[in-house]
Amino acid sequence: AAEDEARIDEIKQLLEQRDAVLVAHYYTDDAIQQLAEETGGCVADSLEMARFGARHPASTLVVAGVRFMGETAKILSPEKRVLMPTLEATCSLDIGCPADEFSAFCDQHPDRTVVVYANTSAAVKARADWVVTSSIAVDVIEHLHARGEKILWAPDKHLGGYIRDKTGADMLLWDGACIVHDEFKAKGITDLKALHPDAAVLVHPESPAPVVEIADVVGSTSQLINAARELPQQRLIVATDRGIFFKMQQAVPDKTLFEAPTAGKGATCKSCAHCPWMAMNALDNLAGSLRELSGEVFVDAALRERALKPLERMLNFQR
Ligand code: 13P
Ligand code: SF4
């Protein structure tokens, strides 16, 4: 703990020296979220992270999260230096959607509007008409569907299926999944609910359909935290990365929160309900990146220009 304190002090000093601000996702370590909050940065979902980074006057953004979040920050603010504690922090959705294969898939369906989830590489975004995060995906697809557009969606099949059911849009889905949310099982949740029949079930839409079907609320990380506050229930079963419990419990100090069970829970499960890539962000490498200016994110200029358009559409979208 004394070591952590020293690291935290060092990071605070470096943030000032470097004219930097810390932008953290809800799935990162509690200590990183706490630090972001204390130093005037933000702890947020992926859409709010993008908005905050683009608007903040600091000349350096330190993005604690996964690679696509750093890339998005750089695409939106090319004049800023964007650092990440580690550039190794990727995402199974990003890995599962290589740009060349995706581009070939798009070529086969030229009649469809290409909408990609933010959890993708800059190269995949560059091929898209729209980028969306989970917090506005339904609204954007509703809007496109109302205009009579047919959609090509990538990469998360669960989120895509959920939006398709909700909006009735014609959506062709890429076959990708989040390894963390894919582990949630409806059976485990209904068993837990049998023990706490008064509990509400909160689910991130990257979870499989049977889990989404038994949810009281489906939403992005920020939307789930807001729902926790607004729901009348005192007990909440939450199906998303356990990193969310830090802010959620602060938001509802008097409520009891339960982690939704995962299939692999037990001694053999290394990644269930906690993203292994989010977990790569630590105080040590965060301090290191600020000290040595390592982990800087670069996006090719031509690619950046193409990826910016669908990202700006997302940021300018009004419900
Ligand atoms: P949010 O946009 O809900 O923060 O989701 C990002 C993410 O990676 C979820 O796994
Ligand atoms: Fe990607 Fe899933 Fe990790 Fe989110 S939790 S960053 S979707 S692997």
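The values are calculated or read from the model by the stated rules, or taken from the named source; none is laboratory data. Note that the structure is a prediction, hence the values are computed from the model and not measured. Glycine gets a Cβ as well: all are built from the backbone with ideal geometry, and neighbour counts include every protein chain shown.
Here are some notes:
- Condition check for residue 61: without any contact (Cβ under 8 Å) to a residue 60 or more places away in the chain, over 20 Å from residue 310 (Cβ atoms) and in contact with a helix residue (DSSP H, G or I) (Cβ under 6 Å, 6 or more places away or on another chain): yes
- Selected residue (only one of 182, 191, 139 is more than 16 Å from ligand 2 (Cβ to nearest atom), part of a helix (DSSP H, G or I), within 23 Å of residue 236 (Cα to Cα) and in contact (Cβ under 8 Å) with a residue 12 or more places away in the chain): 191
For (1) touching a Pro at 6+ places or on another chain (Cβ under 6 Å); (2) not basic (Lys, Arg), each residue gets a yes or a no:
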residue: 93; (1), (2): yes, yes
residue: 97; (1), (2): yes, yes
residue: 123; (1), (2): no, yes
residue: 136; (1), (2): no, yes
residue: 142; (1), (2): no, yes
residue: 166; (1), (2): no, no
residue: 170; (1), (2): no, yes
residue: 174; (1), (2): yes, yes
residue: 182; (1), (2): no, yes
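- If only residues of segment 210-236 that are of a type in the set (A, V, I, L, M) and in contact with a helix residue (DSSP H, G or I) (Cβ under 6 Å, 6 or more places away or on another chain) are counted, the one that is surrounded by the most Cβ atoms within 10 Å (Cβ to Cβ) is 211.
- Restricting 301, 227, 260 to residues that are of a type outside the set (S, T, N, Q) and closer than 30 Å to residue 15 by Cα narrows the list to 301.
- The single residue among 150, 157 that is more than 10 Å from ligand 2 (Cβ to nearest atom), farther than 19 Å from residue 68 by Cα and at pLDDT 95 or above turns out to be 150.
- Among the candidates 82, 131, 115, the residue that is farther than 20 Å from residue 219 by Cβ and part of a strand (DSSP E or B) is uniquely 82.
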